[in-house]
Amino acid sequence: MAPIRGCSGGSRNGAPVCRNAARTADPAASHRQAHAALLMLANPAKAQFLARFFKTGKGQYAEGDRFLGITAPVLRQLARQFRQLSLRDCTRLLDSPYNEERLLSLLILVERYRTGNAGVKKMVYRLYVKERKRINNWNLVDASAPYILGAHLLQRDRSMLHRLVHSRSLWDRRIAVVATFAFIRENDFGDTLKLTEQLLADEHDLMHKACGWMLREAGKRGPAVLEDFLRRHYRAMPRTMLRYAIERFPAAKRKRYLTGRV
């Protein structure tokens with residue numbers, strides 16, 4: 001297949017770069033063209049590093065996930081180039097075994113949701129919920145959950161999040177919590193706090209990090225809200241969750257929380 005328009009032989013971190021992506025968006029592009037562009041950008045050495053970084057080994061949280069070795073900034077350029085990709089083609093990309101291909105699909109879907117009319121937003125939201133089993137690594141969740149699921153539920157019933165938080169799937173639970181970032185940005189903290197309370201006994205470190213991160217973000221906008229939550233729960237919080245939540249506190253105050261002397 002011919003090179004995708006806008007991709008050059010230049011390199012960044014050992015991979016070709018798609019230049020002028022925003023100016024070369026092709027409304028007739030297909031998932032096959034997007035796949036071909038990704039293969040052109042593949043970097044085997046980087047892929048090995050990413051496979052280790054994202055814990056794809058046997059028994060690890062992303063066991064079996066595969067990487068092409070493409071950095072997130074380059075994927076964002078590609079997402080601008082393929083921003084007109086149909087939702088059907090986005091679904092096909094989302095079914096890929098390659099993490100970067102799924103991430104490309106999600107970045108396009110985020111943009112389609114952001115710029116779409118009410119009908120497009122509804123279709124993107126439904127696609128996201130239906131295909132969420134393919135959103136199965138933390139980079140995929142974090143790049144999409146607040147901007148599609150969270151954005152859609154901002155003015156709607158949020159009971160879905162309270163169902164997902166009880167899922168056996170680690171990724172469903174992380175989607176539920178990280179989606180609340182959209183609410184936090186509107187100074188709406190209630191669901192973040194309720195979901196985190198239900199996850200205090202969660203055994204997975206990735207959930208501890210996600211909850212701590214969301215608590216920290218809530219604390220940036222509502223310091224008293226975070227302080228109240230910590231007073232009630234800091235003794236029961238997993239260490240990682242607590243560390244993430246109090247990361248912006250002064251050193252002396254962090255020490256008091258970590259030593260239980262608040």
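The values are calculated or read from the model by the stated rules, or taken from the named source; none is laboratory data. Please read all numbers here as calculations on a predicted model, not as lab measurements. So basically every Cβ, Gly included, is an ideal-geometry build from the backbone, and we count neighbours across all protein chains shown.
The listed residues are L109, L78, and the only one of them that is buried (at least 23 other Cβ atoms within 10 Å of the Cβ) and under 20 Å from V129 (Cβ atoms) turns out to be L109. Go through the stretch 105-120 and count every residue that is without any contact (Cβ under 8 Å) to a residue 24 or more places away in the chain, assigned to a helix (DSSP H, G or I) and not small (G, A, S). So the answer is 2. Does A47 qualify as being under 29 Å from R112 (Cα atoms), without any contact (Cβ under 8 Å) to a residue 24 or more places away in the chain and outside the structural domain of L206 (by TED's automatic domain parsing)? In short, yes. In summary, R102 fulfils each of the numbered conditions (1) closer than 30 Å to L154 by Cβ; (2) touching a residue at least 40 places away in the same chain (Cβ under 8 Å); (3) surrounded by 22 or more Cβ atoms within 10 Å (Cβ to Cβ) with the single exception of condition (2).
Just one of the numbered conditions (1) without any contact (Cβ under 8 Å) to a residue 60 or more places away in the chain; (2) assigned to a helix (DSSP H, G or I); (3) surrounded by 16 or more Cβ atoms within 10 Å (Cβ to Cβ) is not true of D202: (2). Looking across the stretch 121-180 at every residue that is within 13 Å of the chain's Cα centre (by Cα) and outside any helix (DSSP H, G or I), the one that is farthest from T91 (Cα to Cα) is identified as T180. When V262 is tested against (1) modelled with pLDDT under 95; (2) buried (at least 19 other Cβ atoms within 10 Å of the Cβ), exactly one condition is not met: (2).
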